[in-house]
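FYI, it's all coordinate maths here, none of it is from the lab. Computed from a prediction, not measured in an experiment: that's the story for all the values here. All Cβ positions, glycine included, derive from the backbone under ideal geometry; neighbour counts span all protein chains shown.
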Amino acid sequence: MFNSLVSGMPVYPASEYISDKRKAVCITGHREKSILPYNNDSTYADVTAAAVRLMLCRYIDMAVESGYTTFFSGLATGTDLWAADYIVRKKQGSDIKLIGVMPYLRHAEHFKRDFIEMLDNAERDADMLLTVNTDPDIVYSKYGAGSGLYRDRNYFMVDNSSAVIAFRNAENIASGTAQTMNYAYRQGRVIHSFGLNDVYAVIDKAGDIYSIAREISFLPNVFDKCY
């Protein structure tokens, strides 16, 4: 066992994790910098980001409504931590579980302050924290021992899930999200995804953030019942 460098909470080797993947969902998606504002207008930046988060939350609700109870978050900035934050609030008094999976112990060294705070909260309320690499000194690098850290984290989450929720932009073909989805497809996982075009369409139709929230809340459930 190790301890998180952010929250101090216990972190276990991912290799020790055992679960029933039939009711588990892997969450993947882009970081906040990949969210281009509606109509490429910076005045819509906050509304667009808020709509992405609302769409993500609706997809999580869909999974819960269909019987999924375990959610894997890779604890990266953007989609991963937004999802973790929502799951923590949603799991109160329920059987929903949040499993946080770190690519390596020092993964948050360059997070901005607001995401560090979100990560700290998510780690403290997660049901379990895992890491796919237990070397306390390893960091990500394009080559060598650190090059596969994020890939290993992504593959682990897919391997231990039966379904995937993804926020993906089709043009980002070299992203970690695309890598995760491609692997999930090869492994025969159920994939439910949305992109910025879906978010823009809701903004087009609804306009203000309150109407956007209402529109998203009525999106039909795309998940089948889990086994």
Practice prompt. Please compute the Cα-Cα pair-distance distribution of the stretch 19-217 with 5 Å bins starting at 0, giving whole percents from short to long.
Written response: 1, 8, 16, 20, 21, 17, 11, 5, 2, 0
Worksheet, complete the sentence: With x for Gly and Pro, the residue-by-residue ³J(HN,Hα) of the stretch 139-155, computed from phi through the Karplus equation 6.51 cos²θ - 1.76 cosθ + 1.60 at θ = phi - 60° and given in whole Hz, is 9, 5, 8, 5, 10, x, 4, x, 6, x, 4, 6, 4, 5, 4, 4, 5
Fill in: Positive-pole candidate from Thr79, His192, Val132, dipole of the chain, charges at beta carbon
His192
Discussion item. Only bridges whose two residues both fall in the chain count here: according to DSSP, what percent of them are antiparallel, nearest 5?
Written reply: 10 percent
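Only Lys, Arg, Asp and Glu count, each charged at its Cβ (+1, +1, -1, -1), so figure out the dipole size of the stretch 19-217 about its Cα centre, rounded to 20 debye.
Computed charge dipole of the stretch 19-217: roughly 460 debye.
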Discussion item. For the pairs Lys21/Lys225; Lys112/Lys142; Lys21/Lys90; Lys91/Lys112; Lys21/Lys97; Lys23/Lys225, flag any whose C-alpha to C-alpha distance is greater than 18 Å.
Written reply: Lys112/Lys142; Lys21/Lys90; Lys91/Lys112
Response to the item:
Restricting to Cα pairs under 8 Å and 6 or more apart, the percent relative contact order of the chain works out to 27 percent
Worksheet entry | Among Ala206, Ala49, Ala14, residue whose mean-square fluctuation peaks in a GNM of the chain (springs only between Cα atoms under 10 Å) | Ala206
Discussion item. Less than 15 Å apart at the alpha-carbon level, and either on another chain or at least 8 residues along: which aspartates and glutamates does that give for Lys33?
Written reply: Asp41, Asp46, Asp80, Asp114, Glu171
Discussion item. Once each part is reduced to its C-alpha centroid, what is the distance from the stretch 1-31 to the stretch 107-130 in angstrom?
Written reply: 12 Å
Worksheet, complete the sentence: Between the Cα axis of helix 45-65 and the main Cα principal axis of the chain, the angle (0 to 90°, nearest 10) is 70 degrees
Worksheet item: What is the percent of Cα-Cα separations in the stretch 10-59 that go past 12 Å?
Response: 74 percent
Worksheet entry | Label-zone membership for the stretch 111-140, site Asn3, 7 angstrom Cα→C-beta point, backbone N under 18 Å | 120-126, 128-131, 134-137
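So between Ile18 and Tyr185, what do we pick up on full extension, going 0.36 nm a residue minus the alpha carbon distance? Write down the numbers at each step before the final one.
Values: separation 167, 0.36 × 167 = 60.12 nm, distance 2.22 nm.
Taking 0.36 nm per residue and subtracting the Cα distance, the gain is 57.9 nm.
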